[in-house]
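Have a look at the structure below before the remarks.
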Amino acid sequence: MKKFSFIVVLFLSAYFAAAQTPPQKLNYQSVVRDASGTPLANGTPVSLRFSIHDLTIGGTVVFTETQNTTTNQFGLVNLQIGSVSSLTSVTWGSGDKYLQVELQVNGVGAYTSMGTSQLLSVPYALYAGNGGGGTTGATGPTGVGTAGVTGPTGLTGANGVTGTGVAGATGPTGTGVAGATGPTGSGGGATGPTGPTGSTGVTGSGGGSTGPTGPTGLTGNNGATGTGTTGATGPTGIGTAGATGPTGAGTTGPTGATGLTGPTGSGGALSGGTTNYVTKWTGATTVGVSQIFDNATNVGIGTATPTARLSVTNAFTAAGNSVLVSSTGATTTNTVYTGLTSVISGTNGSQIAVRGLANVTNAQYNYGVYGYAAKGAINFGVEGDAGGTTGVNGFNIGVEATADSSQNQNRAVEAAASSSLGNNTGVFGIADGANTVAKLNIGLLGRAVNSAGFNLGLYALADTSFGTSIAVYGDATCATCVQGTSNLAGEFIGDVDVAGNFSKTTGTFKIDHPMDPANKYLIHSFVESPDMMNIYNGNITTDANGDAVVSLPSYFEVENIEFRYQLTVIGTFAQAIVSKEITNNTFSVKTDKPNVKVSWQVTGVRNDPYAQQHRIVPEVMKSENERGRYRHPELYGLPNTMRINYVDVNKMVAGREAKKK
């Protein structure tokens, strides 16, 4: 047989009056529930057997009757004891009486006793029905005196069960013509014309002039003209050619030999150079002045006042690079190729291997140092290593960046890691103080200092169309750390503003212990709830009539729904109820005694626009890329590599060390 653990009795009372013969019935009301506490509602057949015991709980039964009925939609039954059998057999004035209630459901099985309780003062009004009618006594004299003080108002009865009803049908959706679309706003001003191109500078003067050409040798004399046959050729002159013989009367005589070429003249002195500038060939036979300046102390490119061993100055007229280092041909596996390396060594002072300063007044973006690493196994756009192994009370900073401007966007460090495969890290910082004692090691430090405006020491953006994006990822797990080492994934000193949901495994507040702040912490856990619950509480004292009104914040009913109440009386035994629920941000408390101190608590569920759109769902499925992984795999005997969003930092460090070699 199915067990039914209890019946909740709501009230038990009797009719009573000053009449000589009062009604012989007792009102009885209860809610019938099964063993799990669920009401047996909607016409469940039940049979209730009532028995009244004399003097004790197990005393003689002086009354019994059985009534059959059905429950309503709330599991409620309403009966009148004495409707079947008469209560006149009960001698109410002969001692205590006890009511026993037994239950049978659906007409099946034996009756189950639901308990026996003592009948208190109200039923004894029935005793008046057993007394005889005596003679009427003489009328006494009218008393003289003022009317007594009115007694306190009785407690308000319990609220009746809330009725249910079918919701009315939804009215038809209104129709209407959509308003015309407003005209599109005009665009900005037209782009200004491009300024004219500056004139080309004058070409520098060439070097020294070419020396004059040497004189041409003398032409030999003509030979004599033959008288018939051609005369014999004269001997070749020594030094100069012999004279040409006369033209023969017949055929022309042979041409004399060409004279020797004279020596080349000496070259002239170079001219047109500029002191301390390196010259360059401006043509096949001419030289000019280059951009390189060398004063034997410093070298400048684009400047005649170099302030360092090498200074490069560029006056941009279009997009470009002041210095570009481009290296190709890196094809060998496990070999480190470096486009630009700067090394500085010293024992004291501040040492900066690479320093970048972008100082443009009206630029949209200024980058002090910009690094780009394309796809590959382990690529670094910018990598800085400050190894001050023997420094004392100093600072070793791998990369330091400062963005300083009064307008536009200023980014001290901007890093983007883009690849379709593998793990990509925009900024990777390591503070490797393996042998450091009582020092501060910082992998990544961001600082925003300005007297006005909006300043960000570190800005991270997670934006992707698939997978999991994390703007800032902190990992404080350490399998090899020394016992007692404190590792924090993140530490914030000051206020923290989270514009979104804050998820955690557990939560506490942690402060210096008020009784021993130098040596101890005081830690308390957060209050957890599946609702977005707000808690309000306080104390109040009722007045001479047992009444008090509690005022809540003016925003209470706008911010909260689903109100719940708790009352606790303090300092005396008394009853307290919420006599009037929250209306206009107030509620009323009633006690059965005057001047009672009551501690109250009210809770509500957030109902602001953000809460309405972001309700907490207590149980959710993990995403596809999280399934099979854990927030705390060590609690289930699994390695740390099974953690959600696990990042193999050791592999990244190993790649960094291999690069350094």
Of the numbered conditions (1) among the aliphatic types (A, V, I, L, M); (2) part of a helix (DSSP H, G or I); (3) at pLDDT 60 or above, A125 satisfies every one except a single condition; which is it? (3)
Give the residues of segment 83-96 that are in a helix (DSSP H, G or I) and surrounded by 13 or more Cβ atoms within 10 Å (Cβ to Cβ), sorted by residue number. L87, W92
Give me a count of the residues in segment 536-558 that are open to solvent by 60 Å² or more (accessible area, probe 1.4 Å), in a strand (DSSP E or B) and hydroxyl-bearing (S, T, Y). 2
Among residues of segment 35-57 being under 13 Å from K97 (Cβ atoms) and open to solvent by 40 Å² or more (accessible area, probe 1.4 Å), the residue farthest from the chain's Cα centre (by Cα) is L55
All positions within segment 559-595 that are assigned to a strand (DSSP E or B), among the acidic types (D, E) and in contact (Cβ under 8 Å) with a residue 40 or more places away in the chain: E562
Scanning segment 597-649 for residues that are of a type in the set (S, T, Y) and assigned to a loop (DSSP other than H, G, I, E, B), the one most open to solvent (accessible area, probe 1.4 Å) turns out to be Y646
Between a residue in segment 301-315 that is more than 16 Å from V289 (Cα to Cα) and charged (D, E, K, R) and any residue that is open to solvent by 90 Å² or more (accessible area, probe 1.4 Å) and in a loop (DSSP other than H, G, I, E, B), which pairs come within a Cβ distance under 6 Å, given they are 6 or more apart or on different chains? none
Please indicate, with yes or no, whether at least one residue in segment 603-624 is more than 36 Å from the chain's Cα centre (by Cα), among the aliphatic types (A, V, I, L, M), farther than 30 Å from Y646 by Cβ and at pLDDT 95 or above. no
Taking the stated definitions as given, is L99 at pLDDT below 90 and either closer than 16 Å to N27 by Cβ or open to solvent by less than 40 Å² (accessible area, probe 1.4 Å) (or both)? no
Within segment 581-615, work out how many residues are of a type in the set (A, V, I, L, M, F, W, C) and under 26 Å from N501 (Cβ atoms). 3
Out of all the residues in segment 33-67, which are assigned to a strand (DSSP E or B) and either touching a Pro at 6+ places or on another chain (Cβ under 7 Å) or at pLDDT below 90 (or both)? R33
Residue pairs qualifying under the 8 Å Cβ cut-off, at least six apart or on distinct chains, with the first in segment 281-297 being closer than 14 Å to A308 by Cα and the second being hydrophobic (A, V, I, L, M, F, W, C), are I292/V278; I292/V299; I292/I301; F293/V278; F293/V299; F293/I301; F293/A304; D294/V278
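The values are calculated or read from the model by the stated rules, or taken from the named source; none is laboratory data. A quick note: this is a predicted structure, and the numbers were derived from the prediction, not measured. When we count neighbours, we look across all protein chains shown, and the Cβ atoms used for this are built from the backbone with ideal geometry, even at glycine. Only protein heavy atoms, including side chains, enter the accessible area calculation; ligands, DNA and RNA are left aside. Shrake-Rupley method; radii C 1.70, N 1.55, O 1.52, S 1.80 Å.
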